[in-house]
Amino acid sequence: MEEKTVSRNFIEQMIDKDLEEGVYETVHTRFPPEPNGYLHIGHAKSILLNYGLAKKYGGKFNLRFDDTNPTKEKTEFVESIKADVEWLGAQFEDRLYFASDYFQQMYEAAVKLIRKGKAFVCDLSAEEIRAYRGTLTEAGKDSPYRNRSVEENLELFENMKNGMYADGEKVLRAKIDMASPNMNMRDPVIYRVAHMSHHNTGDQWCIYPMYDFAHPIEDAIEHITHSICTLEFEDHRPLYDWVVRELQYEEPPRQIEFAKMYLTNVVTGKRYIKRLVEEGIVDGWDDPRLVSIAALRRRGFTPEALQMFVELCGVSKSQSSADYAMLEYCIREDLKLKRPRYMAVLDPVKLIIDNYPEGQVEELDAANNLENEALGSRKIPFSRELYIEREDFMENPPKKYFRLFPGNEVRLMHAYFVKCESFVKDESGRVTEIHCTYDPETKAGSGFTGRKVKGTIHWVPASQAITAQVRLYENIIDEEKGVYNEDGSLNLNPDSLTVVEKAYLEPAFAGAKAYDSFQFVRNGFFCVDAKDSTKDNLVFNRIVSLKSSFKLPR
C-alpha cells in the first residue's frame with residue numbers, strides 16, 4: 001500500500017484555512033498528558049508542536065492533566081511532567097488545568113445528554129458489552145437497557161453518583177448507533193463507577209468520566225481551537241465531534257491528528273520502564289540510559305537539541321522511525337560551540353618529564369573553545385608529573401600509530417613536545433610510568449617551526465588534578481538483537497553502563513555544578529549528574545561521544 005505523502009506543515013495549512021474562513025479568530029492549543037508515568041521523547045514532540053503552533057500564531061498554550069483515571073495517577077507524575085514542560089520552554093503561564101477541575105461540569109454534561117435521550121444507564125457487564133458490540137464486519141446489538149426512560153436514567157445516574165452501586169455494576173453509555181462501521185460509535189461507555197480516591201479530588205467522586213467523553217469537554221471549556229493529537233485518535237474523532245455537537249458548545253474545537261515519533265532501539269513503554277526501575281536495572285525513571293525527558297535532561301541533553309531533533313523529524317500523517325543517531329547529532333551540534341573544551345583523563349597512566357625542573361609549575365594559556373572565541377581562555381598548571389590516557393602509549397605500536405611509544409615524540413596539548421625515553425611496568429606487566437624528556441623551545445604559541453610531530457595528546461597535571469567519577473553510557477538495548485525477545489522481554493545490553501571510579505580532570509572543572517556540561521577533549525560531551533554529584537565528589541555522565549555515524553539528509 002502506497003503511503004500518502006503529506007506536507008510537514010499540513011497542520012499549519014489547516015489552521016491557516018480556519019483563520020482565513022473565520023472559523024476561529026485565534027489559535028489556542030494544549031498539551032494534555034495523563035499523569036500515570038514520566039514523559040518521554042515522543043511527548044517532547046507533542047509539547048513542542050502544540051506550544052510552537054500557539055507561539056507562531058500569537059495564540060495561547062495550556063498545560064492540562066487528563067486525570068480521569070485514579071487507578072494509575074500520582075502527584076509524583078504531575079510534578080515531573082510540569083518540570084519537563086517548563087524545561088522544554090513551553091510557557092503555559094497561569095494556564096495550568098486538571099480534567100478533575102471539570103468533574104462537576106462533566107457530570108452536568110452527562111445529565112444533559114440523558115435529558116436529550118442521548119445517554120442511558122446500562123447494567124451489562126464489561127464482558128457482555130464487548131459481546132454485544134459486534135465485530136468489524138458485523139453490527140452490534142442494542143443493550144436491553146437502551147430504551148429506559150429519561151426519568152429512570154436520571155435516577156439511576158444520580159444513584160451512581162451517590163455511591164449506591166459497586167464498581168462495574170452499572171455504566172452510563174452514549175446512545176449513538178450500534179450498527180456504525182466505526183466501533184467507537186457503538187454506544188460507548190462515557191461514565192463508570194470507581195470507588196477510589198483521586199489525587200486531586202480525594203473521595204468527592206465515585207464515578208469517573210471516560211477519556212473519550214472527558215477530553216472534548218475539557219477542550220471546549222478551555223476554548224481550545226485546535227486539538228492536536230496523535231494518529232491513534234483518528235478513529236475517535238467522530239465521537240469527539242459528536243460530544244461537542246450534542247452538548248452544543250459554541251466554536252467547538254477541531255481535532256487534528258499527526259503521526260507519533262518513534263525512535264529506533266529505545267524503550268518508551270511505561271510497563272517496561274516500570275519493570276526496569278523495580279528490578280533495579282536502572283536507578284529510576286530518570287536513569288540516563290532511558291529516553292524519558294527527565295532522563296535526557298539528567299544525561300545532559302538540552303531543550304534546543306530536542307527542538308532541533310523534532311524539527312528534523314517533521315510533522316506528518318505517515319508513521320516513521322527516527323534513528324537515535326540523529327538525536328545524538330542534534331546534541332553535538334548544539335553543544336559544540338556553546339561549551340568549553342577541557343582536558344580530562346579517564347584511564348590514567350603517569351607521565352614523568354625527567355628533564356623538567358622538580359617543583360616548578362608554570363601557567364599555560366589555553367583557549368576554552370577554538371571555534372568560539374567568546375568563551376575566552378584559561379590557565380592550565382604544567383609541571384613535571386602529568387597523567388595521560390593509557391591508550392595514548394603503546395610499547396609495540398602498529399603502523400600509523402602516532403602517539404607515544406619508545407623513541408617517538410608528540411605534542412602535549414597547549415604545552416610542549418615530549419619524547420618517550422623509557423617506561424616502567426609492575427609485576428603483572430601493566431605500565432605504571434612513562435618517562436619522557438621535553439624540548440623547552442617547543443612551547444605552544446611560541447612560534448616554534450623547527451620540526452613537526454604527527455601526534456597530539458591531552459593530559460592533566462598530577463598534583464593539581466581534580467578527581468571525579470565518570471559514567472560512560474551506551475544504549476540499554478542490545479542494538480544487534482533488537483528491542484524485544486520473542487517472549488516480549490527486553491534485549492538488554494550488559495555493557496550499557498561503565499563506571500570510571502577515579503578520572504583526573506584539569507583544575508578548570510572546579511566549581512562545576514549540576515547540569516553543567518563540557519567537552520572532555522577527545523572523549524566526548526559530559527554533564528555533571530544532578531542526582532549523585534556533590535561539590536566534593538563530582539560525578540559526570542557522558543552525554544554523547546564525539547564521533548558520529550549520522551549524516552544529515554540533503
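None of the figures in this text is laboratory data; all of them are computed from the coordinates on show. What you are looking at is a predicted structure, and each value in this text was computed from that prediction instead of being measured. Counting neighbours? That spans all protein chains shown, and the Cβs are built from the backbone with ideal geometry, glycine included.
Just flag the GluC sites (Glu not before Pro) in the stretch 92-136 sitting in loop per DSSP whose Cβ has no more than 11 other Cβ atoms within 10 Å. Each step should come with its number before you reach the end.
Working: sites: GLU93, GLU108, GLU127, GLU128; in loops: GLU93.
The qualifying sites are GLU93.
Take the Cβ-Cβ distance between LYS82 and LYS141 as r, set R0 to 51 Å, and report the resulting FRET efficiency rounded to the nearest 0.05.
Numbers: r = 45 Å, r/R0 = 0.89.
Once rounded, the FRET efficiency stands at 0.65.
Does the stretch 150-194 classify as rounded, prolate or oblate by the C-alpha gyration tensor (a ≥ b ≥ c root eigenvalues; a/c under 1.5 gives rounded; else a/b over b/c gives prolate, otherwise oblate)? Don't skip to the end; give the middle numbers.
Numbers: a/c = 3.95, a/b = 1.90, b/c = 2.08.
Oblate.
Which of the listed residues, PHE10, VAL111, ALA139, is farthest toward the dipole's positive end in the chain, when Lys, Arg count +1 and Asp, Glu count -1 at the beta-carbon?
The Cα lying farthest towards the positive end belongs to PHE10.
For a protection proxy built on the mean count of beta-carbon atoms within 10 angstrom, sort 367-375, 216-224, 148-156 highest first, please. Walk me through the intermediate numbers first.
Values: 367-375: 13.1, 216-224: 22.4, 148-156: 15.2.
Going by the mean number of other Cβ atoms within 10 Å, highest first, we get 216-224, 148-156, 367-375.
How about the stretch 425-475: which trypsin sites (Lys or Arg not before Pro) there lie in a loop by DSSP and see at most 14 other Cβ atoms within 10 Å?
Values: sites: LYS425, ARG430, LYS443, ARG451, LYS452, LYS454, ARG471; in loops: ARG430, LYS443, ARG451, LYS452, LYS454.
Those satisfying the criteria are ARG430, ARG451, LYS452, LYS454.
Please work out how much length the chain gains when fully extended from ASP487 to PHE402, using 0.36 nm per residue of separation minus the C-alpha to C-alpha distance, in nm with one decimal. Don't jump to the answer; show the numbers that get you there.
Values: separation 85, 0.36 × 85 = 30.60 nm, distance 4.88 nm.
Residue separation times 0.36 nm, minus the Cα-Cα distance, leaves 25.7 nm.
What percent does the relative contact order of the chain come to when contacts are Cα pairs within less than 8 Å and at least six residues apart? Don't jump to the answer; show the numbers that get you there.
Numbers: 1054 pairs, mean separation 64.5, N = 554.
It comes to 12 percent, rounded to a whole number.
Rounded to the nearest 5, what % of DSSP beta bridges with both residues in the chain are antiparallel?
Details: 55 of 83 bridges.
Looking only at bridges with both residues in the chain, the antiparallel portion is about 65 percent.
Of LYS338/LYS531; LYS260/LYS317; LYS72/LYS170, which pairs sit farther than 18 Å apart, going by alpha carbon to alpha carbon? Write out the running numbers ahead of the final one.
On the way: LYS338/LYS531 23 Å; LYS260/LYS317 9 Å; LYS72/LYS170 21 Å.
Where the Cα-Cα span goes over 18 Å, the pairs concerned are LYS338/LYS531; LYS72/LYS170.
If each residue's Cβ is checked for other Cβ atoms within 10 Å, how do THR68, THR264 rank with the fewest at the top? Could the numbers behind the result be given before it?
Numbers: THR68 24, THR264 16.
Going from least to most buried by this count: THR264, THR68.
List the lysines whose alpha-carbon lies under 21 Å from that of LYS74, not counting same-chain residues fewer than 8 positions away?
Reachable lysines: LYS82, LYS270, LYS274.
Any lysines with Cα under 18 Å of the LYS350 Cα? List them, leaving off those in the same chain fewer than 8 positions away.
LYS419, LYS425, LYS502
Rounded, prolate or oblate: which one fits the stretch 278-324, using the alpha carbon gyration tensor with axes a ≥ b ≥ c (rounded when a/c is under 1.5, else prolate when a/b beats b/c, else oblate)? Walk me through the intermediate numbers first.
Working: a/c = 3.56, a/b = 1.76, b/c = 2.02.
It is oblate, given that a/c is not under 1.5 and a/b is not larger than b/c.
What's the exposure ranking of THR467, THR29, going from fewest to most Cβ atoms within 10 Å? Each step should come with its number before you reach the end.
Details: THR467 12, THR29 26.
With the fewest neighbours first, THR467, THR29 line up as THR467, THR29.
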